[in-house]
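The values are calculated or read from the model by the stated rules, or taken from the named source; none is laboratory data. Computed from a prediction, not measured in an experiment: that's the story for all the values here. Backbone-built Cβ (ideal geometry, glycine too); neighbour counts: all protein chains shown.
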Amino acid sequence: MPWSTLKRFIPAVAPVSKYERFRACIGALVGIMATGTVSKLALGPEVNLPLLIAPMGASAVLLFAAPTSPLAQPWSILGGNMLSAFVGVSFALLVPDPIIASALAVSVAIGLMLALGCLHPPSGAVALTAVLGGPVLQAEGYGFVFWPVGLNSLLLLASALVFNNLAGRRYPHLAPGPQVNIHDTADLPPTARLGFVPSDLQDVLAQYDEIVNVSPDELDALLHRAQIRAYERRSGEITCGQIMSKDVATVRPETALRDAWKLLINHRVKALPVTSPDGELAGIITQTDFMRASLLADDGRLHLGWRVRVGNRFRLARQSKHTVADIMTRRVQSALPETMIAKLVPPMADMGLHHMPVVDANNHVVGIVTQSDLIAALFQERQTGSAEIRAENLENDDQAA
């Protein structure tokens, strides 16, 4: 059989970095070591039960090498292992033939895990261990569900929770909440109105009708990233540095609010990046911040807010002693000059961001991109792309003639 045919039997696993491989190996080392050590301390040296059972090795593969898998989540390992242990012990007590008992235990355990949403492949081995584990485990009866299965599962889960988060891998992988429109209306966020939406993905998965070892929300996120990557390739990789405004009006945290407002009016802008004395981005102050502060200062009366909105040079009598630091937004999402503009679409469309400060590697402000800049760039790119397609079609027609 040729090698090209044999290669097709090798599963196409998504590529991962050397760091990720190293992280998974060290995680399994730490997890199994901690589970065994704590189990020994908890049960004592005279206990006849094994301190570790073999299925924990398979659980470690999922918890540390594939922590985002739905098969590796807390309910999967705790529910799946303990449920399978209960099923295995039950059939070991009820069915004399170990082969029949093993087959029934694994089969029923899979059915119950699927029904209860706690499918965990190593749990099949837990059910088998409960039947074929020998006299020591059989003598333990239903205590096997808690010692060592429950204890091992809980300790390994705790190890994964600590290690994965310390190593920069979010765990557990919680399902996201429903998409919420920031304007508090029933409309979907802008990026969810075109292209495929989560309901499309759910319909396709239902038609596929096989278990997929990726959660629907993770698969949805990967597909959206692929869409952005494809758009970056098609758009000629336009960057923030190409479309940003470079002559940016900025303020300091100690700048008086009156002076900051004058800058907004004079430059006809709606936001000012706030920088530290050495030029680092420290926040942003917008017209919305002024309106919110004005309404609060005026005890909720709207007339002052309306004067702000229409751009009247209102009197901030109560705020004359206040500075930008009092009302600015400190947590600011920023971009780098080399950031592709396609990556600005989700935050600006769905999160309601109207301005994106652009910073260098030292977090110094070098520009700003507004929604207007983004729309103009996308429109220009589309026009350029359409013109190139028309020119290519005309050239092909001429060659054909």
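Quick look at the values:
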| item | result |
| --- | --- |
| Residue match in region 15-22 (condition: within 24 Å of VAL145 (Cα to Cα) and assigned to a helix (DSSP H, G or I)) | no |
| Those helices (runs of 4 or more DSSP H) lying entirely in region 54-161 with at least 1 residues among the β-branched types (Val, Ile, Thr), within 30 Å of ASP220 (Cβ to Cβ) and more than 25 Å from the chain's Cα centre (by Cα) | 98-116 |
| Residue selected from region 166-196 under the condition surrounded by 14 or more Cβ atoms within 10 Å (Cβ to Cβ) and within 29 Å of MET113 (Cα to Cα), by the criterion modelled with the lowest pLDDT | HIS173 |
| Lone unmet requirement of (1) among the hydrophobic types (A, V, I, L, M, F, W, C); (2) under 17 Å from LEU161 (Cα atoms); (3) at pLDDT 95 or above for ALA66 | (3) |
| Among residues of region 251-269, those that are buried (at least 18 other Cβ atoms within 10 Å of the Cβ) and in a loop (DSSP other than H, G, I, E, B), counted | 1 |
| Filtered residue count, region 261-279, keeping only those that are under 33 Å from the mean Cα position of the chain (by Cα) and aromatic (Phe, Trp, Tyr) | 0 |
| Region 320-349, subset among the polar types (S, T, N, Q) and outside any strand (DSSP E or B), residue farthest from PRO273 (Cα to Cα) | SER320 |
| Count - residues of region 365-377 that are touching a residue at least 40 places away in the same chain (Cβ under 8 Å) and either loosely packed, with under 14 Cβ neighbours inside 10 Å or among the hydrophobic types (A, V, I, L, M, F, W, C) (or both) | 7 |
| Within region 50-70, tally of residues that are small (Gly, Ala, Ser) and closer than 22 Å to PHE144 by Cβ | 5 |
| Complete set of residues in region 346-364 that are surrounded by fewer than 16 Cβ atoms within 10 Å (Cβ to Cβ) and hydrophobic (A, V, I, L, M, F, W, C) | MET351, ALA361 |
| Scope region 201-223; condition within 16 Å of PRO67 (Cα to Cα), assigned to a helix (DSSP H, G or I) and in contact (Cβ under 8 Å) with a residue 24 or more places away in the chain; matching residues | ASP217, GLU218 |
| Filter result (surrounded by 11 or more Cβ atoms within 10 Å (Cβ to Cβ), over 19 Å from ALA125 (Cα atoms) and polar (S, T, N, Q)) within region 11-61 | THR37, SER39 |
| Contacts under 6 angstrom Cβ, first residue in region 247-265 being of a type in the set (S, T, N, Q), partner assigned to a helix (DSSP H, G or I) and surrounded by 20 or more Cβ atoms within 10 Å (Cβ to Cβ), 6 or more apart | THR255/VAL324 |
| Residues that are at pLDDT 90 or above and of a type in the set (Asp, Glu), drawn from region 235-288 | ASP247, GLU254, ASP259, GLU280 |
| Residue check for LEU62: free of Cβ contacts under 8 Å to residues at least 60 places away in the same chain, among the hydrophobic types (A, V, I, L, M, F, W, C) and in the same structural domain as VAL162 (by TED's automatic domain parsing) | no |
